[in-house]
Amino acid sequence: MLVLTRKVGERILIGDDIVITVLDSRGDGVRIGIDAPRGVKIQREEVVRAVTEANVEATRAASDDAEARLRAALGGSPAPTDDPSA
């Protein structure tokens with residue numbers, strides 16, 4: 001990881017077409033501006049993590065619901081087992 005110290009108004013260049021500018025520094029926060037081509041995805045890590053977690057939970061809930069509906073449609077019988085004595 002490259003760690004840099006920048007002052008307000010200073011820039012960081014990434015490749016030939018991405019520019020990060022320090023806009024403001026207040027207390028424990030820094031405002032930055034990012035100039036990048038439209039095709040470059042720029043996302044906040046905490047938002048991506050929250051969306052991923054929500055998608056996993058929605059998939060889990062949908063799977064549980066689908067299993068319950070299938071059991072109800074089959075008359076509530078338990079899932080079959082490989083045990084012939086069951």
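Bear in mind these aren't lab numbers, they're just calculated from the coordinates by the rules spelled out. Worth saying up front: this structure is predicted, and the values here are computed from it rather than measured. Heads up, the Cβs are rebuilt from the backbone with ideal geometry, glycines too, and the neighbour counts pull from every protein chain shown.
A few remarks follow.
- Per-residue ellipticity at 222 nm, computed for the chain from helices alone with -39500 (n - 2.57) per DSSP H run of at least four residues, works out to -12000 deg cm²/dmol.
- Global geometry of segment 23-71, whether rounded, prolate or oblate, following the gyration tensor of its Cα atoms and the 1.5 cut on a/c: oblate
- Computed from phi, the 3J(HN,Hα) profile of segment 20-37 under the Karplus parametrisation 6.51, -1.76, 1.60 (θ = phi - 60°) reads 10, 10, 7, 8, 7, 9, 9, x, 9, x, 10, 9, 10, x, 10, 9, 8, x Hz, with x in place of Gly and Pro.
- Matching label, Rg/Rh (Cα atoms, Kirkwood Rh) computed from the structure shown, candidates [x] 0.93; [y] 1.04; [z] 1.39: [z]
- Model label sites at Met1 and Val47, defined 7 Å from Cα along the beta-carbon direction, differ in position by 2.1 nm.
- Extension gain, Leu74 to Glu10: 0.36 nm times the residue separation minus the Cα-Cα distance gives 16.4 nm.
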